[in-house]
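The values are calculated or read from the model by the stated rules, or taken from the named source; none is laboratory data. Fair warning: this is a prediction, and the values are worked out from it, not measured in the lab. With ideal geometry, Cβ positions are generated from the backbone for all residues, glycine too; neighbour counts draw on all protein chains shown.
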Amino acid sequence: MLKREDYKIVLARLKENRHFIQAIIGPRQVGKTTLALQVMQVLNLPSHYASADEPGLHQSNWLEQQWEVARLQIQRPNQNVLLVLDEIQKITEWSTQVKRLWDEDTRAKRFVKVLLLGSAPLLIQKGLSESLAGRFEVLPIRHWTYKEMHTAFKWSIEQYIYYGGYPGAATLISDETRWKHYIRDSLIETTISKDILSLTHVQKPALLRQLFYLGCLYSGQILSYQKMTGQLQDAGNTTTLSHYLELLSASGLLTGLQKYAGQVVRQRGSSPKFLVQNTALLTASSGHTFLEAQKDREFWGRLLESAIGAYLFNQTVGKNINLFYWRDGNEEVDFILQSGKKLIAIEVKSGKSKEQHSGMAAFQKKFNPYRILLVGNQGMKPEQFLSMPVEKLFSNE
């Protein structure tokens, strides 16, 4: 199995002598467990792995039992041992228990290195911040990139744009019906039911699901909350929709980009631009086959823009880079990256009919971006752009 770049970061952190809990959080099926097991194989330490992703394992004493297994592997003073706890958010009051056990080891000078894995980022982050302040570091793990899928499975750029970045589903693409069922049942529904509804109070579960599928339908497009309420049953108010979109975004499914305006207040009040975080979520929810999608110019253009947007979103998580869109009347720029005072404007030449309203010149005149880029026809090839680290866009090299 391919070792992702994050593998090197996790391995380096665990080799350090600094006393921190390491937390790996991210969507389902992006390789968190595989990464942890790879690290265990090469770290050359006594180690113990346990997963709470089993029915009924919600008791806090389960966590203490696993911790004791790790402690018992310490054979001599100052010896390190690695404890990996997967799907930690499934344990009731997990953060309080981890704090107590971690502090006990600190006082007793027991060197238990702890690696926490979780696929409910909002819940994990809340527990870390409330109970474990000053004791942890977070490494977000995101969806697989084109470069990673090409290296691991020899995928073409067209395959990546359509099938997205779920490595576990890669062997199923020869049977598209089976592949779509896997994405819908094992990824979409499992994420919504297990990582959102069972762990977070949601008053209108049906509305949250509707919002997700509406977002897939309009991925790459701007939709006002007023228009959303007109297409959703029992939609409630905009605050509810905004909150549900935040839950979907944190779980790795669907996000709503905000408009760049140079003023934070105006950004928060803007109509969101829907964006799937993995194009598999869009295509599995559509009626298009791989071949049909490539022949449908409008649909393929939307897929390409969604693939570029998903890459930018995933690559900016946990970094000092913000992602927006920009629109003024009929003029629009697909994506805006902001790092400090530097702005990068990105237009995707996708074949969609809206391209005649490109607002790059207007944005450039108003905001003087550090760099403007065109991806697609007559611009940078999608495979080239999707293989480039986002940080490089801000570099002078």
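Of all residues in region 81-108, those that are in the same structural domain as G26 (by TED's automatic domain parsing) have Cβ atoms under 7 Å from Cβ atoms of residues that are part of a helix (DSSP H, G or I) and of a type in the set (S, T, Y), 6 or more apart or on another chain, in D86/T33; I91/S60; T92/S60; E93/S60; S95/S131; T96/S131; Q97/S60; K99/S131. Out of everything in region 150-174 that is in a loop (DSSP other than H, G, I, E, B) and buried (at least 19 other Cβ atoms within 10 Å of the Cβ), what residue ends up being farthest from the chain's Cα centre (by Cα)? Out of the qualifying residues, it is W155. Considering the conditions (1) in contact (Cβ under 8 Å) with a residue 12 or more places away in the chain; (2) out of contact with any strand residue (DSSP E or B) (no Cβ under 6 Å at 6 or more places or on another chain); (3) of a type in the set (A, V, I, L, M), L282 is excluded by exactly one of them, (2). When region 27-50 is limited to residues that are polar (S, T, N, Q) and surrounded by fewer than 16 Cβ atoms within 10 Å (Cβ to Cβ), the one that is farthest from D86 (Cα to Cα) turns out to be N44. Does F299 satisfy the condition of being within 16 Å of L281 (Cβ to Cβ), without any contact (Cβ under 8 Å) to a residue 24 or more places away in the chain and in the same structural domain as S224 (by TED's automatic domain parsing)? It is true that F299 is within 16 Å of L281 (Cβ to Cβ), without any contact (Cβ under 8 Å) to a residue 24 or more places away in the chain and in the same structural domain as S224 (by TED's automatic domain parsing).
I'd like the residue in region 312-326 that is of a type outside the set (A, V, I, L, M, F, W, C) and modelled with pLDDT of 95 or more and, out of all such residues, is surrounded by the fewest Cβ atoms within 10 Å (Cβ to Cβ). Applying the filter and picking the extreme gives N322.
To keep it simple, each residue is scored yes or no on (1) closer than 21 Å to I344 by Cα; (2) surrounded by 17 or more Cβ atoms within 10 Å (Cβ to Cβ); (3) in the same structural domain as K126 (by TED's automatic domain parsing).
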{"residue": "L241", "(1), (2), (3)": "no, yes, no"}
{"residue": "E246", "(1), (2), (3)": "no, no, no"}
{"residue": "L254", "(1), (2), (3)": "no, yes, no"}
{"residue": "Y260", "(1), (2), (3)": "yes, yes, no"}
{"residue": "Q277", "(1), (2), (3)": "yes, yes, no"}
{"residue": "K295", "(1), (2), (3)": "no, no, no"}
{"residue": "S306", "(1), (2), (3)": "yes, yes, no"}
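Could we say that T177 is in the same structural domain as V375 (by TED's automatic domain parsing) and more than 18 Å from F385 (Cα to Cα) here?
Criteria met by T177.
Residues of region 195-209 that are touching a residue at least 24 places away in the same chain (Cβ under 8 Å) and either acidic (D, E) or in contact with a helix residue (DSSP H, G or I) (Cβ under 9 Å, 6 or more places away or on another chain) (or both): D195, I196, L199, T200, V202, Q203, K204, L207, L208. For region 1-26, filtered to residues that are β-branched (V, I, T) and part of a helix (DSSP H, G or I), the residue that is surrounded by the fewest Cβ atoms within 10 Å (Cβ to Cβ) is I9. In region 134-145 there is at least one residue matching the filter, namely being outside any strand (DSSP E or B), over 24 Å from L386 (Cα atoms) and assigned by TED's automatic domain parsing to the domain that holds E64. Filter region 69-106 for residues that are under 25 Å from K126 (Cα atoms), charged (D, E, K, R) and over 28 Å from the mean Cα position of the chain (by Cα); which is surrounded by the most Cβ atoms within 10 Å (Cβ to Cβ)? It comes out as D105. Within region 119-131, the set of residues being buried (at least 19 other Cβ atoms within 10 Å of the Cβ) and more than 12 Å from the chain's Cα centre (by Cα) comprises L123, I124, G127, L128.
Considering region 38-123, there are no qualifying strands (runs of 3 or more DSSP E) wholly inside with 2 or more residues that are modelled with pLDDT under 90. Looking at E347, E383, E332, just one residue is in a helix (DSSP H, G or I) and of a type in the set (D, E), and that residue is E383. Taking I372, is it out of contact with any Ser or Thr (no Cβ under 8 Å at 6 or more places or on another chain), of a type in the set (A, V, I, L, M, F, W, C), touching a residue at least 12 places away in the same chain (Cβ under 8 Å) and surrounded by fewer than 17 Cβ atoms within 10 Å (Cβ to Cβ)? Yes; evaluated as a whole, the condition is true for this residue.
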